[in-house]
Every structure is written in structure tokens, then in C-alpha cells.
Amino acid sequence: MNKKGDIQSIIIAIVIVFIGVIIVIIFSKGLLEMVDELQSEPEFANNTNAMTALNVVEDNTIYWFDFAIFFILISLILGLIISSLFIDTHPALAIIFFIVLIIAVFLAGQFSNIYAEITQDSEIAATAEQFTKTNLIMGEHFPVIIFVVGIIVILILYGKSKRGGLGSQPV
């Protein structure tokens with residue numbers, strides 16, 4: 001196999017989660033505003049089935065999108081851990097991977113701060129505060145989550161036995 005390591009995937013996961021969170025919050029804000037506009041239209045206001053459907057959308061949008069972000073994060077974390085089980089790495093790269101982990105934690109902290117600034121905007125704040133799981137993840141815990149996942153990945157990459165490695169080949 002020609003794989004060089006898995007730690008850089010943490011940075012990709014950070015970017016995916018951050019972009020996903022921002023898109024979901026902005027989309028939710030727009031969707032809820034659209035539902036409010038539709039509910040005030042006479043064509044929908046006079047139709048009980050349409051109003052019921054709009055109320056269901058309004059009531060469940062935040063919950064399902066919040067759950068989706070949580071599921072995406074858990075899926076990416078499990079993918080990183082499982083893929084690190086199948087990658088053979090040389091112990092000399094451990095220092096490089098640890099440096100990349102420090103960069104990833106710093107990046108996660110920056111994205112956490114950017115998220116806080118975006119969600120404090122008066123236009124988005126009311127919608128963003130309803131995302132309980134996302135706020136918990138993207139708040140001050142995001143760098144900690146990334147650090148713990150990174151340490152687990154590093155331990156898996158370098159803690160497994162090296163079957164068939166350089167020291168086990170006959171001379």
C-alpha cells in the first residue's frame with residue numbers, strides 16, 4: 001500500500017464539519033423564514049393540510065439538522081479511527097503527525113471562534129441558539145474533541161504491532 005498516513009484527514013474532517021455547520025444554520029434560517037412567509041399566504045392559511053405540513057417542517061427542521069451535524073461528526077471520527085487501523089506508518093513520522101495534530105487543534109480553535117462570531121450575528125442568532133448539539137460541538141469543545149480524536153488516531157497508528165515489518169524479515 002502506498003498510504004503515508006491518516007492524520008491529515010483530521011484537518012479535512014474539521015473543514016467538512018465547519019462548512020457543514022455554517023451551511024446548515026444559514027439554510028435553516030432561510031427555510032424557517034420561507035415557512036413563515038408561506039404560512040401567511042392565503043392559499044396556505046386556508047388549507048389545513050398545507051398548514052399541518054408547514055408546521056411539521058417548522059417544528060422538525062432544527063432538530064433534524066442538529067442531529068445531522070452530530071451524526072456527520074461521529075461518522076467522520078469513526079472513519080478516521082477505522083482507517084487508521086489499516087494504515088502502516090513508520091515510527092519516525094510520529095513527530096510530524098503530532099505537529100500536524102497541533103495545527104489541527106489550532107485550526108479547530110479558529111473555526112470555533114469563527115462559528116461563535118457568525119452565530120452571534122443578529123440575523124442568525126435566534127436560529128443558531130436552537131442548535132443545541134451543534135453549539136456544544138462547535139463551541140469551546142471543538143478543539144478538545146479534535147485533540148482527543150487525534151491522540152487516539154496517533155496511538156492506533158503507532159501502537160499496533162508491525163507484522164511483517166523490517167525487523168521480522170529473514171536475512
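The values are calculated or read from the model by the stated rules, or taken from the named source; none is laboratory data. The shown structure was predicted, so the numbers you read here are calculated from the model rather than taken from an experiment. FYI the Cβ positions are ideal-geometry reconstructions off the backbone, even for glycines, and counts take in every protein chain you see.
Going through the stretch 114-147 one residue at a time, which ones are of a type in the set (Asp, Glu) and more than 20 Å from TRP64 (Cβ to Cβ)? Hits for the stretch 114-147 are GLU117, ASP121, GLU123, GLU140. So, in the stretch 80-91, of the ones that are touching a residue at least 60 places away in the same chain (Cβ under 8 Å) and assigned to a helix (DSSP H, G or I), which residue ends up farthest from PHE147 (Cα to Cα)? Of everything passing the filter in the stretch 80-91, PRO91 is farthest from PHE147 (Cα to Cα). Within the stretch 109-161, the residues that satisfy the criterion of being over 16 Å from SER28 (Cβ atoms), among the charged types (D, E, K, R) and touching a residue at least 24 places away in the same chain (Cβ under 8 Å) are GLU140, LYS160. Is it the case that the stretch 42-56 has a residue that's at pLDDT below 90, within 17 Å of MET138 (Cα to Cα) and more than 12 Å from the chain's Cα centre (by Cα)? So far as the stretch 42-56 goes, no, none of its residues is at pLDDT below 90, within 17 Å of MET138 (Cα to Cα) and more than 12 Å from the chain's Cα centre (by Cα).
Once the stretch 12-34 is narrowed to residues that are more than 30 Å from ASN55 (Cα to Cα) and surrounded by fewer than 17 Cβ atoms within 10 Å (Cβ to Cβ), the residue that is modelled with the lowest pLDDT is ILE12.
When PHE71, PHE27, PHE44, PHE65 are checked against the criterion of being assigned to a helix (DSSP H, G or I), touching a residue at least 60 places away in the same chain (Cβ under 8 Å) and among the aromatic types (Phe, Trp, Tyr), a single residue qualifies: PHE65. Residues in the stretch 120-138 that are closer than 14 Å to GLY20 by Cα and among the hydroxyl-bearing types (Ser, Thr, Tyr): 1 in all.
When the stretch 52-74 is filtered for residues that are closer than 21 Å to VAL144 by Cα, among the β-branched types (Val, Ile, Thr) and surrounded by fewer than 19 Cβ atoms within 10 Å (Cβ to Cβ), the ones remaining, listed by number, are ILE72, ILE74.
Specify the residue that is nearest to MET34 (Cα to Cα); the eligible residues are those in the stretch 61-85 that are touching a Lys or Arg at 6+ places or on another chain (Cβ under 8 Å) and not β-branched (Val, Ile, Thr). That would be ASP66. For PHE111, state whether it is surrounded by 14 or more Cβ atoms within 10 Å (Cβ to Cβ), within 30 Å of SER40 (Cα to Cα) and within 18 Å of the chain's Cα centre (by Cα). So PHE111 fails the test.
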